[in-house]
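The values are calculated or read from the model by the stated rules, or taken from the named source; none is laboratory data. All values reported here derive from a predicted model rather than from experimental measurement. Every residue, glycine among them, receives a Cβ derived from its backbone with ideal geometry; neighbour counts consider all protein chains shown.
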Amino acid sequence: MLARIDTIALDGIRAIPVEVEVDLGRGLPMLNMVGLPDGAVREAKDRVRAALKNSGVQLPARRVTINLAPADLPKEGSGYDLPMALGLLAAMELLPPESLRGRLFLGELALDGRLKPVPGCLPAAMLAREAGIGELIVPAANGVEGALAGGRVVAPETLLELMRHLTGETPLAPVPPTDWHQALRDEESRAVGSMRDLADVKGQEHARRALEVAAAGGHNLIMSGPPGSGKTLLARCMPGILPALTLAEALEVTAIHSVAGRLEGRAPLVTRRPFRTPHHTSSHVALIGGGGVPRPGEVSLAHRGVLFLDEIPEFGRSALESLREPLEAGDVGIARAARSTRFPARFQLVAACNPCPCGHRGHPQRPCRCTPIQVERYASRLSGPLLDRIDLHVEVPPVPPETMADLPSGETSAQVRQRVTEARLRQLQRNGAGVLNADLDGAPLNRFAALDAECRTLLLTAGRKLAFSARTHNRILKVSRTIADLEGVETIQAGHLAEAIQFRLGGRFPGSG
């Protein structure tokens, strides 16, 4: 007897249809598996055999062949357990073949027949919706995640429960839909109160302004200053001034976290913009992604959010240089001998560093103890091409104690967030859906960031004196466009351009004068 059942394989965050074929034939009792299975898939035969036995089904003494098609696509993970078990049941004529048609199955089996959660259920649900598949069946712990895409999802607890559903003995009710638009609004109101507030930052008006500009246009930002000047606090205020995720963005972010196996079963939708803070000992694989089975790295987990690299010169040179492609392209490609995979990686880089190894270079009161050679070595850790991809360079000087005591609290994150949200709405209406000023390039940049004669003269003079690269020139235009959007004007003015140039040149970075 031959049975066929549909499931998926993952390619990045995209689900690819896979057909599981199960054949019961004559010959010595054994189970063969073909179709490029990895170790976890090959081990499925022992889990399936035990789960069937503990569900009251004994495998016959027959030769079993399981094929995972297409055969040239690598198959990884434990999600093939459930399709294999159901294929065996259908081949043994314990399930009617028509009960498997028009359904997509995914799940891991425990030895007692329980269904355990697996990564990738949201991409599977998206594939089921696009392909017109009537029902997605996933473990109970993945049920709410599978329902995010809006299709019919059934989430049984055990294999026996699923068998009764498929035979019609005890049909299971689908997972009820959730109003995720309302969930996002509720999460937004809760999140604002739980994040660090800009009102906690005393002084640092220039850095606060840079943070607002970066948030409004989706620009990258690096801050330099001595220890304790407030760089980390400023960075941690960034999520509080960013607009809330749209539902489309939330689903995109959730799909990445689903593939990475980082979702919670009860609240699977990622409702807050990611804020990732990897340690400086992280390898380039941890940052970019990879491994034998490619998995998303920090740049992808920060998609649509913020990647904060504190003490950025302490990161390994190879790890930092690997950021150059995703900063420019908005995604990252991982190539292996067997396959190549791409993951989304459209994030905002926020970095912080000291001006020298001791941190006191240029400090008005504390002398720097570093030798010129030490400063030069420290400077070499941040390459010119990497710094060239960062739009805003800001110095964060120390705030004197007497000033700290007398300064009143500044604007709250909620006040700044309102301006940032309005500026982003202007960009999206002008640039097109999903295109922030930081993403503009080519003809759209020339059209939306056009300069008058005065501004062209100012930019030309600054470019000649300071030897701007073509990338620097374009990034100054993008930041100027954002500053104009914050003011609600359509034409870039000389003041906007001058402020953008100032942000490009500001900051006492390693190796600067």
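Points to keep in mind about this one:
- Scan of segment 430-443 for residues that are under 26 Å from the mean Cα position of the chain (by Cα) and over 20 Å from D388 (Cβ atoms), ordered by number: R430, N431, G432, A433, G434, V435
- Segment 214-228 - residue that is more than 12 Å from L349 (Cα to Cα) and assigned to a loop (DSSP other than H, G, I, E, B) and, of those, modelled with the lowest pLDDT: G228
- Residue list for segment 327-345, restricted to those being without any contact (Cβ under 8 Å) to a residue 60 or more places away in the chain, farther than 19 Å from H279 by Cα and not β-branched (V, I, T): A329, D331, G333, A335, R336, A337, S340
- Selection status of R417, modelled with pLDDT of 90 or more, assigned by TED's automatic domain parsing to the domain that holds M223, of a type outside the set (A, V, I, L, M) and within 20 Å of L477 (Cα to Cα): no
- Among the residues making up segment 46-66, those that are under 25 Å from E161 (Cα atoms), β-branched (V, I, T) and not in a helix (DSSP H, G or I) are V57, V64, I66.
- Just one residue in the set D46, D11 is acidic (D, E) and surrounded by 13 or more Cβ atoms within 10 Å (Cβ to Cβ); that residue is D11.
- Among the criteria (1) crowded, with 17+ Cβ neighbours inside 10 Å; (2) part of a helix (DSSP H, G or I), the one L451 does not fulfil is (2).
- Cβ pairs under 8 Å, 6+ apart, first in segment 453-468 and closer than 17 Å to D388 by Cβ and of a type outside the set (S, T, N, Q), second part of a helix (DSSP H, G or I) and modelled with pLDDT under 90: L466/L505
- Some residue of segment 25-45 being of a type in the set (V, I, T) and part of a strand (DSSP E or B): yes
- The residues listed here are E314, E328, E376; of these, the one that is out of contact with any Leu (no Cβ under 9 Å at 6 or more places or on another chain) and within 23 Å of T482 (Cβ to Cβ) is E328.
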